[in-house]
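Please treat every number below as a calculation from the coordinates, not as lab data. Here the structure is a predicted model, which means the values were calculated and not measured. Positions of Cβ are generated from backbone atoms using ideal geometry, with glycine treated the same way; all protein chains shown enter the neighbour counts.
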Amino acid sequence: MQIALAPMEGLVDDILRDLLTRLGGVDWCVSEFIRVSDRLLPDSAFHKLAPELASGAVTPAGVPMRVQLLGSDPSCLADNAAQAVALGAPVIDLNFGCPAKTVNRSRGGAVLLKEPELLLRILSEVRRTVPAAVPVTAKMRLGYDSPEGALDCARALADGGAEQLVVHARTKVEGYKPPAHWEWVARVRDSVAVPVLANGEVWSVEDWHRCREISGTDEVMLGRGLVSRPDLARQIAAAKAGQPVIAMSWEALMPLVRDFWQQACRKMSPRYAPGRLKQWVGMLSRNYPEAAELFVHLRREQACERIDALLALHPWDAPLEALSA
């Protein structure tokens, strides 16, 4: 069984890849997408979004990272894929799932699912250009506004040379609204001869069990579910192995929150670091009441020094209100 950490633009950066893979259960992760338009990108463009390339393309915990590209020009994608491999990418992943309007307007992401013939050309060109020893994989949604073409798209990707598919079991139009249509993952699996991972609406071990039953696969890519429950991959791996599933406490998680903040302060400007911390703590609120309480106090703060002091209070033997007075 493989459990992967999903690429999520503006959220799962190298800091979260570090922290989430450190907890265990994740077999591989994927960079945020690197947008390819009409030219060969400079090395800095790859290192900005995939800094792990400078250290063997693995996270500090040793979990492999794939480099994801997004675009619509087969030749240009192929040239940039070759460049990514030259910089150390062990796997090239191609994005046909991003639902963002700005991305789709520039012919990237899920909008390409309207053109299975183009998917075939992209995969074929990238596969032809990238060294044979380097796998090429792809992530797709079920379609743009309907899943009716999902099987044609999946076959086009596999026929073009994709060695593995991740299926986000919703259309572009559905965005991130539940439910995820895991039954379509089963249909995709039946239509291609390559491994297929399920993605979408797996927030708990119980969701994973239901996804496995409906999709027919126990292999899964976790996105928001893992970000909001950082030990979810570890829980699923334990369940698969028949071991006790022990949830991580807030007290055990808090050192990672502090670590996130410290890394954000080192790597981002003081203008942006507070927002990134609030983004993650807000998502943690789904599963941790303590995170919701912390978020209430964080959301008013912009000064890094005050956030330092706020985080240092935990487990809050002094009242949080003292910092808000």
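Quick notes on this one:
- Using only side-chain charges placed at the Cβ, +1 for Lys and Arg and -1 for Asp and Glu, the dipole size of the range 250-324 relative to its Cα centre rounds to 500 debye.
- Among Ala291, Ala54, Ala84, residue whose mean-square fluctuation peaks in a GNM of the chain (springs only between Cα atoms under 10 Å): Ala54
- Relative contact order for the chain, counting Cα pairs under 8 Å that sit 6 or more residues apart, in percent: 13 percent
- Bridge type composition, the chain - antiparallel percent by DSSP, nearest 5: 5 percent
- The range 69-109 and the range 214-285 have Cα centres spaced 26 Å apart.
- Cleavage-rule hits (trypsin sites (Lys or Arg not before Pro)) in the range 217-272: DSSP loop, at most 11 neighbouring Cβ within 10 angstrom: Arg271
- Options Pro289, Phe46, Ile236, ranked by Cα towards positive dipole end of the chain, top entry (Cβ charges): Phe46
- At full extension, Ala312 and Ser106 could sit 69.7 nm farther apart than now, given 0.36 nm per residue minus the alpha carbon distance.
- Dipole magnitude of the chain about its Cα centre (Cβ charges: Lys, Arg +1; Asp, Glu -1), debye to nearest 20: 520 debye
- Among Ile15, Ile307, Ile34: highest mean-square fluctuation, GNM of the chain, C-alpha pairs under 10 Å: Ile307
- Expected 222 nm ellipticity per residue - DSSP helices of 4 or more, -39500 (n - 2.57), all of the chain, to 500: -13500 deg cm²/dmol
- Compactness of the chain as Cα Rg over 2.2 N^0.38 Å, two decimals: 1.01
- Cα-based Lys pair tally, the chain, threshold under 26 Å, eight or more apart or on separate chains: 17
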